[in-house]
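Everything on this sheet refers to the single structure shown next.
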Amino acid sequence: MQQFGDYQGEIHLETPGGAGPRFPLVFADLEEQAQAVLPPAVWSYVDCGAGDGHTQRMNVQAFGCWGLVPRMLAGATKRDLSVDLFDMTWPTPLFMAPVGVIGLCAQDGHGDLATARAAARTGVPMVASTLAVDPLEAVAREFGATPGLFQLYTPTDRELAASLVHRAEAAGYKGIVVTLDRWVAGWRPRDPGTGALPEVRRHCLANYVSDPVFRARLPHAPEEDLHATAAQWARIFGNSLTWDDLPWLRSLSSLPLLLKGICHPDDVRRAKDAGADGIYCSNHGGRQADGGLAALDCLPAVVEAADGLPVLFDSGIRSGADAVKALALGATAVGIGRPCAYGLAIGGTDGLVHVLRSLLAEMDLIMAVDGYAALADLTPEALRRVCSGHGPSASGHRGG
Ligand code: FNR
């Protein structure tokens, strides 16, 4: 069985004689180095949150309200981090959350492909965003033996939605993640001044311009009139779905269907009733609505309502310790968002592989030291809540 903690030894061997490690080992350094190398518009787009960033900060700080209780003499000599999900066994409970501009974060401008290659090298699945620099088929070709999921931003054009889902199925994706909380852009005061949104429009439309349905709606080939292409995309992008749309979404594919952005137990129950195969608890990393709850604080009630249905989780994971806590609170698998973008920025596929292996190494070694040999041992009883009332102070801590 692979022991992810061994990565620490590899890093020591690769950096003899006091040389520093090739890539940073803590999130603050990773963030700082990414900011230094990313174009300002891309950096700002990735880093920013909605409003004044309160929800984004709370997402991160919420993890500080929980502590794992060490258990001794537990025999956690070997740890098993594998997880069974949708008739697959994933070697780890991590996955890469969909990030629309990940394509622009790699130095060569093909970050979607670089991310897929990192998935192949680590066994950590990628959830490929609808907003991509390279088409979903090209991304899937880089997955190797690692499964991938496709994230759908459901357009108002139902035929286009169906086409995207069918393409994903044909390309070998193993599940469809429908994002519910981004049919309209949240209030992001930092975006307008940086030109970040036009960047996304111009560069991340590969799945649209390669789509036969999208192309058929345009008077010219998309390449001939980029302005008209972007305008058409803007017209069909945001679809304010309701529960009445779920039977149609469900009917598009027999692949597992996951609903992303669910934070309320009643919504979990309705999703279950509508035939969802998985719940994805997330508040979009605090990018959509400010003044909200930390996603982690929503997780226990979501897990309880899911009543055995898999619950994927993201928003605020910055370390292996954070991932362990989310798993102990009942997440089946845990999504990494911004840290992946920063890893790509500083080192392409190598940088991203390093970020993922570091997270896994820390998780594995925490489980070793604290005596939890398997994910099944990580239960809410393994945690103690260490904050009462309103949680940690929101001052002076950068959310990221
Ligand atoms: C996102 N996220 C996102 N989600 C989604 O469903 N489709 C998408 O295309 C994107 N795009 C995107 C771009 C950028 C720059 C970021 C940072 C995030 C949200 C993402 O999947 C995830 O929910 C958050 O990243 C989790 O928050 P943290 O942990 O990154 O803070």
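The values are calculated or read from the model by the stated rules, or taken from the named source; none is laboratory data. A quick note: this is a predicted structure, and the numbers were derived from the prediction, not measured. Methodologically, a virtual Cβ is constructed for each residue, glycine included, from the backbone with ideal geometry; neighbour enumeration extends over all protein chains shown. Heads up: the accessible areas ignore ligands, DNA and RNA and are worked out on the full protein's heavy atoms, side chains in. Shrake-Rupley method; radii C 1.70, N 1.55, O 1.52, S 1.80 Å.
For the chain, take the convex hull of the Cα atoms, compute a quarter of its surface area, and give me that in nm², please. Display every interim value, and only then the final one.
Values: hull surface 77.5 nm².
Average of the hull's projected areas for the chain equals 19.4 nm².
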Cα point-scatterer Debye curve for the stretch 110-259, base-10 log of I(q)/I(0) at q = 0.12, 0.16 Å⁻¹: -0.51, -0.92
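Mind putting a number on the dipole of the stretch 102-255 about its Cα centre? Charges go on the C-beta only, +1 for Lys and Arg and -1 for Asp and Glu, and I need it in Debye to the nearest 20. Please report the intermediate quantities before stating the final value.
Working: 15 positive and 17 negative charges, 57 e Å.
It comes to approximately 280 debye.
Give the peptides 52-58, 232-238 in descending order of average Cβ contacts within 10 Å, highest first.
Details: 52-58: 22.0, 232-238: 16.1.
Those peptides, ordered most packed to least, come out 52-58, 232-238.
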Between the stretch 85-127 and the stretch 257-293, how many Å separate their Cα centres? 21 Å
Output the lone cysteines of the chain: those with no second cysteine's C-beta under 4.7 Å from their C-beta. Cys48, Cys105, Cys204, Cys281, Cys340
At a 1.4 Å probe radius, which order do Lys174, Lys260, Lys78 fall into by accessible area, largest first? Lys78, Lys174, Lys260
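In debye, nearest 20, what is the charge dipole magnitude of the stretch 1-73 about its Cα centre with +1 on Lys and Arg Cβ and -1 on Asp and Glu Cβ, if you could check?
On the way: 3 positive and 8 negative charges, 48 e Å.
Roughly 240 debye for the stretch 1-73.
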Quick calc, His264 & His166: beta-carbon distance into FRET formula, R0 51 Å, rounding 0.05, result 0.95
Protection proxy ranking of 212-220, 32-40, 327-335 - average other beta-carbon atoms within 10 Å, highest first: 327-335, 32-40, 212-220
For the charge dipole of the stretch 109-209, defined by +1 on Lys and Arg C-beta atoms and -1 on Asp and Glu C-beta atoms about the Cα centroid, which residue among Gly148, Thr122, Ala161 has the Cα displaced farthest towards the positive pole? Thr122
Angle, helix 158-171 long axis vs. longest principal axis of the chain, Cα atoms, 0 to 90°, nearest 10? 50 degrees
How much accessible surface area, in Å² rounded to 10, belongs to the heavy atoms of Trp243 with a 1.4 Å probe? 70 Å²
Can you give me the angle between helix 338-370 and the longest principal axis of the chain, using Cα atoms only, in degrees from 0 to 90, rounded to the nearest 10? 30 degrees
With +1 on the Cβ of every Lys and Arg and -1 on the Cβ of every Asp and Glu, the dipole magnitude of the stretch 209-300 about its Cα centre, in debye rounded to the nearest 20, is 120 debye
Please list, or write none, the lysines whose alpha carbon is within less than 26 Å of the alpha carbon of Lys78, excluding same-chain residues fewer than 8 places away. Lys325
Residue separation between Arg22 and Trp187 times 0.36 nm, minus their alpha-carbon distance, gives in nm 55.7 nm
What are the residues whose amide H is under 5 Å from the amide H of Leu94, where those residues sit 5 or more places off or on another chain and H is modelled from the backbone? Val334
Size of the stretch 1-113 as Cα extents on the principal axes (Å, biggest first): 50, 40, 33
For the pair His203 and Val37, how long in nm is the line joining their label points, each one 7 Å along Cα→Cβ? 1.5 nm
Could you name the lysines in cross-link range of Lys174, using Cα to Cα under 24 Å and dropping any fewer than eight places away on the same chain? Lys260, Lys272
Run lengths n ≥ 4 of DSSP H only: what is the helix-derived mean residue ellipticity at 222 nm for the chain, with -39500 (n - 2.57) per run over all residues, to the nearest 500? -12000 deg cm²/dmol
How far is helix 111-122 tilted, in degrees, relative to the longest principal axis of the Cα atoms in the chain, given as a value from 0 to 90 rounded to the nearest 10? 40 degrees
If I build a Gaussian network model for the chain, linking alpha-carbon pairs within less than 10 angstrom, which residue out of Pro339, Pro265, Pro125 has the largest mean-square fluctuation? Pro265
Once the whole set of protein chains is in place, how much accessible area is left on Asp80, using a 1.4 Å probe, in Å² to the nearest 10? 60 Å²
Largest-first principal axis extents, alpha carbons of the stretch 213-292, Å: 47, 35, 19
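Quick one: of the DSSP bridges fully inside the chain, what percent are antiparallel, nearest 5? Intermediate values should be presented prior to the final figure.
Numbers: 6 of 30 bridges.
Roughly 20 percent of the DSSP beta bridges within the chain come out antiparallel.
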